[in-house]
Amino acid sequence: MKTFKSIIMVKYPRQVVWETIRDRLPEMVPFLDDVGAITQEYRQEQAAGCLQLINIWKADITIPPMLQSVIDPSTLSWTDRAEWHESKNTCHWAIEPHFFLNRIRCSGTTQFEQAIGGRGTRINFEGELEVTAKDFPGLPAFMEAA
């Protein structure tokens, strides 16, 4: 299991960023590299300011020639299950790839913090990623560790 952390600063107020990412994510596709579509599958308000969302993401990438026999581009999509907690300005999420089934696990938390005196937002992504490539059919052994 590998952990990761990334921080992004955005020059828009936290509430605007929060609501845009939570409520208008499919509209952001033209601005996201390698993403062809995002479709909201489920949206349910829960108790105490929690919102559950399920989005389906579809990649739009070119597969390198050496991997084209192993990876079918039409399978490069994933389900994003998220719980948005308004009171904590956090989103807990888990990603379920539609490819390499049962070989990839990814989950984490996104925290939205006020920045630049309220005129900006600091977005903290933290999570864990586990990829199991050992004995994957068609994958050259020398690529398993990569």
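I want to confirm something. Restricting to the stretch 72-92 and keeping residues that are farther than 19 Å from GLU126 by Cβ, within 17 Å of the chain's Cα centre (by Cα) and among the polar types (S, T, N, Q), which single residue is modelled with the lowest pLDDT?
Across the stretch 72-92, the extreme among qualifying residues is THR75.
Considering only residues that are among the aliphatic types (A, V, I, L, M) and touching a strand residue (DSSP E or B) at 6+ places or on another chain (Cβ under 8 Å), look in the stretch 49-70 and name the one that is farthest from HIS85 (Cα to Cα). Step through it out loud before you land on a result.
Residues of the stretch 49-70 that are among the aliphatic types (A, V, I, L, M), as a first pass: 51, 53-54, 56, 59, 61, 63, 66-67, 70.
Applying the additional criterion that residues be touching a strand residue (DSSP E or B) at 6+ places or on another chain (Cβ under 8 Å) yields 51, 53-54, 56, 59.
Details: LEU51: 7, LEU53: 11, ILE54: 15, ILE56: 20, ALA59: 27 Å.
Checking each candidate, the answer is ALA59.
Given the residues PHE136, PHE99, PHE142, PHE31, which is the only one that is touching a helix residue (DSSP H, G or I) at 6+ places or on another chain (Cβ under 7 Å) and either at pLDDT 95 or above or not aliphatic (A, V, I, L, M) (or both)? Give the derivation first.
Values: PHE136 fails: touching a helix residue (DSSP H, G or I) at 6+ places or on another chain (Cβ under 7 Å); PHE142 fails: touching a helix residue (DSSP H, G or I) at 6+ places or on another chain (Cβ under 7 Å); PHE31 fails: touching a helix residue (DSSP H, G or I) at 6+ places or on another chain (Cβ under 7 Å).
Result of the check over PHE136, PHE99, PHE142, PHE31: PHE99.
The values are calculated or read from the model by the stated rules, or taken from the named source; none is laboratory data. Bear in mind the structure is a predicted one, so any value in this text is a computation, not a measurement. Every residue, glycine as well, gets a Cβ built from its backbone with ideal geometry; the counts of neighbours run over all protein chains shown.
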